[in-house]
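Read-outs: derived from the displayed coordinates by stated rules, not from any lab. Keep in mind the model is a prediction, meaning the values are calculated, not measured. With ideal geometry, Cβ positions are generated from the backbone for all residues, glycine too; neighbour counts draw on all protein chains shown.
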Amino acid sequence: MNPVVEKLELAEPHLANWLSTLGLDVEYVRSGGNTLFYRRADGTEIPVLDLVGGYGSVVLGHNNPEIVAYAKSLLDGGTPVHAQFSRHPYANDLAWKINGIIHREFGDPEPYSAIFANSGAEANEVAVKHAELDRVLKLAELLEGVAAHAEEARAAVGTGARLEVSAEALAALGVEGDPAQEGGEGIERVLAAVDRVNAERAGAAPVFLAPEGSFHGKLIGSVQFTHNPGYRTPFTALAARCRFVDVSRPEALTEAIDEERRSLFDLRAEDGTVRVVERELPVIGAFLLEPIQGEAGIRVFDRETARRIQDACATADIPIVVDEVQSGMGRSGAFFAASHIGLRGDYITLAKSLGGGIAKAGLTLVRGSRYRTDFELVHSSTYAKDSFSTLIAAKTVDLLEADDGKAYRLAETRGNQLLAVLEGLRKEFGDIVADVRGRGLMLGLEFHDQSGSTSEIIREQAGAGLLGYLLSGYLLRVHSLRIFPTASATNTLRFEPSVYLTDEEIARTEAGLRGLIAVLREQDGETLLHGGAASTG
């Protein structure tokens with residue numbers, strides 16, 4: 001007989017071991033509303049209140065009955081999921097629905113074209129890719145104009161026009177002597193230098209801007225716009241450069257834009273004189289931001305900061321990418337969180353809850369005046385815009401909009417109730433709870449740093465930046481609460497349940513957090529790491 005061989009963990013084995021250490025290695029077998037269920041070893045089913053909400057992906061709850069029924073009807077009806085390169089009228093219908101919401105929330109009648117994706121990171125990369133195509137095409141138009149002006153300058157000098165080049169321009173071009181005294185030979189030397197310098201400058205890689213704390217995904221491109229160096233630094237050589245800006249300083253964005261400015265040389269023939277002039281080179285691809293920064297610890301942008309960003313980018317003709325992947329779809333109390341602060345994006349990205357908690361769907365919306373139709377020929381995605389995910393997304397939007405936007409009102413009222421509970425804990429236990437932030441049902445509870453704890457367990461986890469996961473394991477094992485920290489600010493626990501959060505669930509949340517705070521006050525690391533372990537089976 002063959003010996004029994006233990007099945008090795010091959011699916012991300014390190015992560016599986018880490019989850020086991022913290023008591024988070026639970027296999028959920030069923031879900032509904034704000035509840036996930038797992039089974040103990042004896043088969044008993046245990047309900048867990050899920051306040052993570054798929055990192056913002058289930059604004060209408062796990063397995064929403066109306067969405068599930070609709071999904072079943074689509075599959076039972078044999079909806080053609082794989083029918084690429086054909087008409088997709090349902091995609092156009094979804095784009096119209098969301099455009100209507102844009103017009104209502106921003107008062108902006110300009111239409112947005114829609115490009116479909118499969119995830120938030122992909123939707124953000126689509127926006128960046130489109131912005132780069134726009135920059136490259138603008139650069140090509142600029143270079144065409146420079147080439148045409150060069151011919152005009154050559155002809156003008158040939159008919160007696162005077163060549164005029166400043167000492168600064170001669171130095172930048174690397175031209176020696178005084179070409180103005182050399183007639184045709186002089187203009188040719190200048191034109192050759194202009195071609196050489198312009199080619200070098202035009203070939204430089206673009207730079208993108210984002211606020212400090214940004215998170216826009218972990219793909220090759222999107223990870224470069226994610227501020228956390230732990231995610232970004234190993235892959236810096238693979239994609240475009242991003243400069244992170246401390247937007248809390250009013251002048252910071254303008255300073256960054258000015259420091260990144262670059263120019264090309266051009267020649268202009270006017271009134272019998274040919275002059276060398278400089279023209280601004282489009283080098284900044286876009287400014288990316290989340291109206292509520294999720295992974296930075298649930299940090300909400302204010303209206304004044306949004307206005308400064310809008311003004312600075314408009315002045316420099318830099319498009320703004322508003323990442324609503326986590327904050328959008330009604331979670332803030334409006335469909336778009338950016339509408340609360342009057343921030344109008346040239347690009348808007350959606351995903352997560354767009355799929356109704358069932359489908360994988362992403363969407364990039366591009367302002368009509370920025371849209372490049374050429375993009376449709378150079379970008380595609382096998383699974384994006386398929387009938388199943390797109391129709392599910394449209395159904396989700398319909399449910400959010402139903403009853404005059406009842407879901408948005410629920411997000412606001414339930415969010416305010418939960419916020420009041422969290423704020424109450426902060427006031428009562430200010431020695432443990434540092435801050436409470438957020439809007440609607442996207443909230444954060446920040447704990448004070450515990451790296452100086454008297455408990456070795458707490459001290460080590462805090463020092464490794466893992467305090468939030470230690471707290472999450474305790475809450476799951478002891479209180480059957482599923483709460484995770486934000487990725488780049490792990491002292492902050494996130495709360496992103498569905499709009500159907502009940503009074504009883506809010507009370508359970510408060511009770512669990514009170515239990516956690518009591519253990520932290522006692523500096524009881526052993527209980528945080530192992531307490532209640534038997535309850536998870």
**Study point:** Ranked 218, 395, criterion: other C-beta atoms within 10 Å, fewest first
**Key:** 218, 395
Review point. In nm, to one decimal, how far is the residue 82 label point from the residue 138 one, both placed 7 Å along Cα→Cβ?
Key: 4.0 nm
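When the helix-only estimate is applied to the chain (DSSP H runs of n ≥ 4, each -39,500 (n - 2.57), divided by the residue count), what is the mean residue ellipticity at 222 nm, nearest 500 deg cm²/dmol? Write out the running numbers ahead of the final one.
Working: 16 runs with 227 residues, N = 537.
Mean residue ellipticity, 222 nm, calculated: -13500 deg cm²/dmol.
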Check your understanding: Among 418, 430, 383, which residue has its Cα positioned farthest towards the positive end of the charge dipole of the range 367-432, with +1 placed on the Cβ of Lys and Arg, -1 on the Cβ of Asp and Glu, and the dipole taken about the Cα centre?
Key -> 383
Exercise for review: Provide the packing ranking of 444-451, 304-311, i.e. peptides ordered by the mean count of other C-beta atoms within 10 Å per residue, highest first.
Suggested key: 444-451, 304-311
Check your understanding: Relative to the first principal axis of the alpha-carbon coordinates of the chain, what is the inclination of helix 387-428, with its axis defined by its Cα atoms, in degrees from 0 to 90 and to the nearest 10?
Key -> 70 degrees
Review point. Alpha carbon centre of the range 343-370 versus the range 464-480: separation in Å?
Key: 32 Å
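Which peptide among 289-295, 181-187, 511-517, 482-488 comes first, and what is the full order, when sorted by highest mean count of other Cβ atoms within 10 Å? Intermediate values should be presented prior to the final figure.
Details: 289-295: 26.1, 181-187: 14.3, 511-517: 18.7, 482-488: 22.1.
Ranked from most to least packed, the peptides come out as 289-295, 482-488, 511-517, 181-187.
How would you rank 358, 457, going from fewest to most other Cβ atoms within 10 Å of each one's own Cβ? Display every interim value, and only then the final one.
Details: 358 21, 457 17.
If I rank by nearby Cβ atoms, fewest first, I get 457, 358.
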**Study point:** Estimated inter-spin distance, residue 151 and residue 73, nm [label 7 Å along Cα→Cβ]
**Key:** 6.2 nm
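Under a point-charge model restricted to the Cβ atoms of Lys and Arg (+1) and Asp and Glu (-1), what is the dipole moment magnitude of the range 367-423 relative to its Cα centre, in debye to the nearest 20? Walk me through the numbers on the way to the answer.
Working: 8 positive and 9 negative charges, 31 e Å.
With only Lys, Arg, Asp and Glu charged at Cβ, the dipole is about 140 debye.
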Point to revise | Total charge dipole magnitude, the range 268-377, about the Cα centre, Cβ charges on Lys, Arg, Asp, Glu only, Debye to nearest 20 | key: 320 debye
Point to revise | Ordering of 42-48, 415-421, 6-12 by burial proxy (mean other Cβ atoms within 10 Å per residue, highest first) | key: 415-421, 42-48, 6-12
Review point. So who's got an amide H within less than 5 Å of the one on residue 435, skipping anything under 5 residues away but keeping other chains? H placed 1.01 Å off N, in plane.
Key: 446
Point to revise | Tail beyond 27 Å, pair distance distribution of the range 1-141 (Cα, percent) | key: 53 percent
Revision key, fill the gap. With label points set 7 Å from each Cα along the Cα-to-Cβ direction at residue 46 and residue 196, the distance between them in nm comes to 7.3 nm
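Determine the dipole magnitude for the range 208-254: charges of +1 sit on the beta-carbon of Lys and Arg, -1 on that of Asp and Glu, nothing else is charged, the reference point is the Cα centre, and the result goes in debye to the nearest 20.
Numbers: 5 positive and 3 negative charges, 35 e Å.
Computed charge dipole of the range 208-254: roughly 160 debye.
Arrange 323, 271, 108 by Cβ neighbour counts within 10 Å, fewest through most, would you?
Numbers: 323 33, 271 7, 108 14.
Final ranking by Cβ density, sparse to dense: 271, 108, 323.
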Practice item. Positive end of the charge dipole of the chain (Lys, Arg +1 and Asp, Glu -1 on Cβ, about the Cα centre): tell me which of 102, 88, 169 has its Cα farthest that way. Key: 88
Practice item. Determine, from the Cβ-Cβ distance of residue 526 and residue 426 and an R0 of 25 Å, the FRET efficiency 1/(1 + (r/R0)^6), rounded to the nearest 0.05. Key: 0.45
Practice item. On a 0 to 90° scale, report how tilted helix 503-521 is relative to the longest principal axis of the chain, with both axes built from alpha carbons and the result rounded to the nearest 10. Key: 90 degrees
Point to revise | Unit charges at the beta carbon, dipole of the chain: most positive-side option, 511, 140, 362 | key: 511
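What FRET efficiency do you get for residue 233 and residue 510 if R0 is 30 Å and r is their Cβ-Cβ distance, rounded to the nearest 0.05? Before the final figure, lay out the partial values.
On the way: r = 39 Å, r/R0 = 1.30.
FRET efficiency, residue 233 to residue 510: 0.15.
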Point to revise | Angle in degrees between helix 467-479 and the longest Cα principal axis of the chain, rounded to the nearest 10 | key: 30 degrees
